[in-house]
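The values are calculated or read from the model by the stated rules, or taken from the named source; none is laboratory data. The model shown is predicted, which means the values in this text are computed figures rather than measured ones. All accessible areas refer to the heavy atoms of the entire protein, side chains included, with ligands and DNA or RNA removed. Shrake-Rupley method; radii C 1.70, N 1.55, O 1.52, S 1.80 Å.
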Amino acid sequence: KVSVSGFVGTVKGRTAIRVLNRFRELKKKPYWGNHFWSRGYCVDTVGLDSEMIRKYVKHQEQKERESENPRY
């Protein structure tokens, strides 16, 4: 048995390594602050509908923009 967070972490880690090895030019410029994946993930256990997924994605995009351009 594997936890959801453990599985997602493994998938995100391995795919990031494979993509960056396959497309080495991505390493030349540190896109996304050298982070291939965003921090979170969304898991459906009780039946998310498309509107809930849209809200989640918009919220994550907003958080990503805020982390790229912190206010001082």
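Of the solvent-accessible surface of the chain, computed with a 1.4 Å probe over protein heavy atoms with every protein chain present, carbon and sulfur atoms account for 55 percent. Summed over the residues of the chain and divided among them, the accessible surface reaches 96 Å² per residue at a probe radius of 1.4 Å.
Shown here: percent of Cα pairs over 18 Å apart, derived from the displayed model; of the candidates (i) 57; (ii) 71; (iii) 46, it corresponds to (i). Whole-Hz Karplus values for segment 17-29 come out as 4, 5, 5, 5, 6, 6, 10, 4, 5, 5, 7, 5, 10 Hz, taken residue by residue from phi with 6.51 cos²θ - 1.76 cosθ + 1.60 and θ = phi - 60°; glycine and proline positions read x.
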